[in-house]
Structures are given as C-alpha cells and as structure tokens.
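The values are calculated or read from the model by the stated rules, or taken from the named source; none is laboratory data. As the structure is a computational prediction, the values presented were derived from the model and not from experiment. Counting neighbours? That spans all protein chains shown, and the Cβs are built from the backbone with ideal geometry, glycine included.
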Amino acid sequence: MSVYKIGASTVHADDPALSEQLAKAYEGKLRPLCLCSSEGVPMYIAKIEPGRFLVKRMPNTGGQHSPSCDSYEPPAELSGLGQVLGSAIVENPDDDTATLKFAFSMSKAGKRTAPVASGVEHDSVKADGNKLTLRGTLHYLWEQAEFNRWAPAMRGKRNWFVLRKFLLQHAAGKFAKGSELSQMLYIPESFRPEAKDEITQRRMAHMMPIAASESGARKLMLMVAEVKDFAPSRYGFKMIVKHVPDFHFMLAEDLYKRVMRRFELEIGLVDAIPGSHLMVIATFGIGPTGVASVEEIALMCVNENWLPFESMYDNMLLTALVEQNRHFVKGMRYNLPSSSPLACAVLTDVGARPTAAYVVPPGASDEYLAALEQLIEESDLEPWKWEPGNGAPLPSLPARADH
C-alpha cells in the first residue's frame, strides 16, 4: 500500500484522512512524495471530479518508484511507449492534461472515399513516432486506465462497466485536434433491457454533434467497443458491437475485405481462445439518415482478464502469470510493427530488479533476433526468454521475492 508525504504529514493511501489532505494540498499546489524509496519520489495531484482527488506519478518518473509500488512503470523503451512519449504524447502535470497527435483524421471532407483498415504494417518503413495510430491510441487509453497491469486482487473485478468507467475517466484531460478526447469518444454503456430507451437517448445525444450537415467537412467520432460479429447487410457489411443490440456500424465492402485481411490473426485468435474478447477502435460518421458508417478501424485481442495479447504464446505466458498470482505489467506495442521486439510482460514481484519477459515468435527473422538481443543488452532489467518455436515448453518463471 502506497504511503505519501504531504507537507509535514505522512499518510497511507487507504487512510480516510487522505482525501481531505489531498484537497488542501491541491489548493496549496503542494507536490506529495511517494515514500516507496528512501528519498521519496515527487508526485502530483489530479482533480478527478468535484471533491475527489487522485495522486499520480510525474511523467518519466515511473522507473524511480520501487517495483512493488503501484506507481512503478517499466522503462518505456521496452514497449512502444518509448517511441511516442514526448512526441505523439505530450504530458503536462501542471494541469493534469496531455496533448495527443493523431495519425488519423477526425473529419471527412467532400464525398465519402474508400476507408482503410488502420495498422497495415510495412516492415521496410520505420513506424512514425510523431503521431498516434488508431491502435496506438487504444493502447494509450488501455495503459492509462491500467488494464495492462495485473495483481491477484484484480481477479474477477473487471467487467465492461468497470472498463468503460476508467477508460472514460482517463480520456478526460486528454486533448487532440483541439477537443477533449472524452467528448469525441463513444464507449457503449452496459446494456440493460429495463433502461433500453434511456440508453438510446443518451447515445443519440452524444452522437448528435457529428451528424452530417449538407455542406462542409463531416465530423467523425472515435469508438472503443467489443466486437460481437461482422455480418453481411443488405448492401454491404455491418459491425455488431456488444451492448448495442439496436444500433449497428456499417462497413463498405472494400473496408470489410481489408479488415478481414489485415486483422485475420486477431480475429482467429479470439475465435480460438475461450473467454477472450475482440476490441475495436474506429472512427465513424453519422449520415443524414442517422446511420453510422465506419471510416477507419483497428482491432486488439484481450483475454478473459482483459489483458492484451498478440499471440497464443503471449496468452499462455499471461495465463501462467495470473494462475501463479503474480504482479506484472503487460507491454503495449503502440505504433511499433510486429517486426520490432518488445517485452511481453515485466514482473514486478521479484525484488529490487524487475524481470522483463520476452516471447520470441516462431520463425523470427535474424533481424528480429538481433534487435531483441540489443534490447536485452541495453536494459537494466533481468531478462527471461521463451522460444516456443524451438519446441521448448514454457520455462519456469522467476521466483517471487516473498518466497
């Protein structure tokens, strides 16, 4: 449990007096110190809503915290975050805001043109770290809401209601294209038959600002949801998302074919792994008739605990870690292509030096293996590596520090 020093006082994170002390410190512009280390690590106070405050880590200080601290963050270079932090993502702790630079458009000029399946990889071209792709934006939201983190106490406590609440909470204070992300983001409410009409009214009110006008650019909205199915419609295809049984998102035939090609792996994984979920992030517009049409789209696999994974082997490691009651942080790829290595997970319950766990994909190229060895060599973390392509079973995981 975190302990903070606020002015001359020391207070535990679960102390009922913390809320009052944070309110006073916020007004006095005091910075708390996290006492997970002997010198203390500077934090800042964010105002989540009237009367509610949260202690958050300062940008680029995650590695200064003890690995056992809730504020610990693995080195950014072990994931795709290192490529976009400070360029596509610019954080400002003074007012608890962040500016995001999108690589995709939030408006559409003129007639509707052929949409794209976002995230198409060109291995010969270096990924752009100056702007966030759709997938990178989803990974950022997921990491901000800490759904890439795991502790045994989280078991059974994640559901769509919880995910939606924290994704929207962490979208607040994030700005892109001159608007707050929470205002341009649609995340479906948990469906309740008895509240169907109220939910529909709230959805319509939220989407009305992007309804098509007769002239000028059409505004788009960003959606994060769970895919239930892709199905044929009368004149094309539609995407059915969970919790929205009465409102579908239309896909032109060319976009549908691109999605099936580009995300064949993700769709196949979710189909093969029981309990997993297929997440979508997409831009969409609303036509004059009120029909929603998808413009750009990316998909992400998450397992039964809503932890992202990229392969069957990734998920096997994550499942083993959960079953062994481990504490860890899942590495997020952001804009990086699959040809670039990253740590699948960082184990934070192994003592003062966390362990970076790497899963080598079968058939990895010589370039991939060389880049992986360089990543391991340049990291201060203890490496753990599994090469399932060699027929090796999952190696024993590093022992917990409390064993």
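Miscellaneous remarks
- Condition check for LYS157: exposed (fewer than 14 other Cβ atoms within 10 Å of the Cβ) and either on the phi > 0 side of the Ramachandran plot or in a helix (DSSP H, G or I) (or both): no
- Number of residues in the range 302-358 that are out of contact with any Gly (no Cβ under 9 Å at 6 or more places or on another chain), part of a loop (DSSP other than H, G, I, E, B), within 14 Å of LEU78 (Cα to Cα) and basic (Lys, Arg) equals 0.
- Checking each residue in the range 224-279 for being aromatic (Phe, Trp, Tyr), farther than 28 Å from TYR313 by Cβ and not in a loop (DSSP other than H, G, I, E, B) picks out PHE237, PHE249, TYR256.
- Neighbours by Cβ (under 7 Å, 6+ apart or cross-chain): first from the range 167-195, over 20 Å from THR99 (Cα atoms); second assigned to a strand (DSSP E or B): ILE187/VAL224; ILE187/ALA225; PRO188/ALA225; PRO188/VAL241
- For the range 61-84, residues that are touching a Gly at 6+ places or on another chain (Cβ under 9 Å), buried (at least 17 other Cβ atoms within 10 Å of the Cβ) and within 25 Å of PHE102 (Cα to Cα) total 10.
- In the range 118-146, residue surrounded by the fewest Cβ atoms within 10 Å (Cβ to Cβ) [restricted to those that are at pLDDT below 65 and either of a type in the set (A, V, I, L, M, F, W, C) or not in a loop (DSSP other than H, G, I, E, B) (or both)]: VAL125
- All conditions in (1) touching a Ser or Thr at 6+ places or on another chain (Cβ under 7 Å); (2) in the same structural domain as LYS131 (by TED's automatic domain parsing) hold for PRO308, with the sole exception of (1).
- The selection criterion, being of a type in the set (Gly, Ala, Ser), in contact with a Gly (Cβ under 6 Å, 6 or more places away or on another chain) and buried (at least 19 other Cβ atoms within 10 Å of the Cβ), does not hold for ALA282.
- Residues considered: ALA98, ALA13, ALA46. Of these, the only one that is in contact with a Ser or Thr (Cβ under 6 Å, 6 or more places away or on another chain), small (Gly, Ala, Ser) and closer than 27 Å to VAL346 by Cβ is ALA13.
- Spans of strands (runs of 3 or more DSSP E) in the range 1-89 with at least 2 residues under 22 Å from the mean Cα position of the chain (by Cα): 41-49, 52-57
- Between ALA172, ALA176, the distinction of being surrounded by 15 or more Cβ atoms within 10 Å (Cβ to Cβ), small (Gly, Ala, Ser) and in contact with a strand residue (DSSP E or B) (Cβ under 6 Å, 6 or more places away or on another chain) belongs to ALA176 only.
- Residue within the range 78-86 that is out of contact with any strand residue (DSSP E or B) (no Cβ under 9 Å at 6 or more places or on another chain) and more than 30 Å from GLU295 (Cα to Cα) present: no
- Considering the range 30-75, the residues that are among the charged types (D, E, K, R) and without any contact (Cβ under 8 Å) to a residue 12 or more places away in the chain include one that is farthest from MET332 (Cα to Cα), namely GLU39.
- When ASN92 is tested against (1) touching a Ser or Thr at 6+ places or on another chain (Cβ under 9 Å); (2) surrounded by 15 or more Cβ atoms within 10 Å (Cβ to Cβ); (3) free of Cβ contacts under 8 Å to residues at least 12 places away in the same chain, exactly one condition is not met: (2).
- In the range 311-367, residue surrounded by the most Cβ atoms within 10 Å (Cβ to Cβ) [restricted to those that are of a type in the set (Asp, Glu) and out of contact with any strand residue (DSSP E or B) (no Cβ under 7 Å at 6 or more places or on another chain)]: ASP349
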